1. Under 5 Å between amide H atoms, partner at least 5 residues away or on a different chain: which partners does Gln35 have, H built in plane at 1.01 Å?
2. What whole-number value in cubic angstrom gives the convex hull volume per residue for the C-alpha atoms of region 90-203?
3. What are the principal axis extents of the Cα atoms in region 223-266, in Å, biggest first?
4. Rg and Dmax of the chain, using alpha carbons, in Å: what are they?
5. Return the distance in nm (one decimal) between the two label points of a simple spin-label model at Leu149 and Leu219, each offset 7 Å from Cα along Cα→Cβ.
6. Would you please state which residues of region 162-199 a label at Ala254 would reach in this model, taking the label point 7 Å out along Cα→Cβ and a backbone N cut-off of under 13 Å?
7. Could you tell me which helices of the chain pass both thresholds, a Cα extent of 24 Å or more along their own axis and a mean Kyte-Doolittle hydropathy of at least -0.5, with helices taken as whole DSSP H runs?
8. Using DSSP to define loop residues, name the trypsin sites (Lys or Arg not before Pro) in region 39-113 whose beta-carbon has at most 14 other beta-carbon atoms within 10 Å.
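The values are calculated or read from the model by the stated rules, or taken from the named source; none is laboratory data. Quick caveat, the model's predicted, so the values are computed rather than measured. Methodologically, a virtual Cβ is constructed for each residue, glycine included, from the backbone with ideal geometry; neighbour enumeration extends over all protein chains shown. SASA here: full protein model, heavy atoms, side chains in, ligands and nucleic acids out. Shrake-Rupley method; radii C 1.70, N 1.55, O 1.52, S 1.80 Å.
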Amino acid sequence: MSAILHLVTRLRPGGHGGTLWPTLMALADGQLMQQVLPLAAGAGALQAARLLSPESVQLLPVPAMRAVATALRRVLDAPAPPQALHLHGLPALLSARHVLQGRPRAAPMPLFLHQCSRVLAQRLLQGMPERSVFLVGPDRVDPLAAAPLPGAVDAAFFSQPLIADTVPRIVTAATGDLQADEEIAQAFTELAVMLSGIQAARQPAFAWIGPVPGSVRALLLAAQVKLQEIALAEAPARARALAQSWIYLAPDGAGRGADRLAEAMAIGLACVAAPAPSYRLQIIDALSGELHARRADLLQSLARLLESDALRLAMGRAARLRARHQHGHHRFRASLLLAHGLSPLPVLRHEAGHAAPAVPGVPASPG
């Protein structure tokens, strides 16, 4: 039976970039056999790896870096070549590239590049035979050609309940990128001024959550936007600030606030956004949020959500569910299993608090 092959630059408890051991455990749960080729690992590291690894993982240590190519060719020439090749670290990637370039007719197994930048991966794979390539980050696995989405959202946002009996409040949040924050602040203040001129039963307050660039401070204050200057690293504090809000607004056409929008959805806020590509990937229009290109439509959407508690709360619940499936911490395991052609349903059900379905041939645990 063929196995998943891991070529590992450095064998250590955290693995290269912290993705080795989560990958081994997730694929072992998927009933896949795995082989690990550690490059020049010491006796202590090998002993620790044997203790940490699932029983289905086979360690095949390579005694020296100069023997890597020979060891990799031996595995690739086996009667059952690997189902997939995981490359942990730049030396592992370079070694595999050297071997695969000299084997244009090699089995087209997919490549999984761990903690490798998109740009570097595209450069290093030029001239190699066509095959599926996935980038493995600390919280998700994505095809190389796909546009990146925000990663896992901090658990503080999913666990923070909405705070009832707050005044109507429309918020946006800083991204930490000066150019993006300037664009978001400009659009946000324009809408704040325009909405303040509309007669409505519920006049909202406007707030900015996060660091305030000096270039937009005066603009925000002039539009009477409340500044809640919470550091981006303080996730629980930002979650509490969001939980006191009614609506999250992402009005920039470039869609640079995708990370902050994901957090607002995880809190359970109704979200209104410009139809930027990154926002379209996150929001299902009219269900888990609303997308509008025209300022007038954005204003009407905000007014409608302010007037209808039922609509706002239902949209917030749908947003939170959407965020949990896209950005919850199960995302790494689910996307990894999907990339290997396995169903992520057991992982998703486990994360949702349901029992995983039985695997054929594996006895159910008692109790």
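1. Result for Gln35 returns Ile4, Leu5, His6, Gln58.
2. Normalising the Cα hull of region 90-203 by residue number yields 172 Å³.
3. Reported extents, whole Å, longest axis first: 27, 26, 20.
4. Both quantities, over Cα of the chain: 24.4, 76 Å.
5. For Leu149 paired with Leu219, the spin-label model returns 3.0 nm.
6. Correct set: 175-187.
7. Values: long enough: 178-196 (27 Å, 0.50); 309-327 (26 Å, -0.74).
Span-like helices in the chain: 178-196.
8. Those that pass, being in a loop and sparsely packed, are Arg105.
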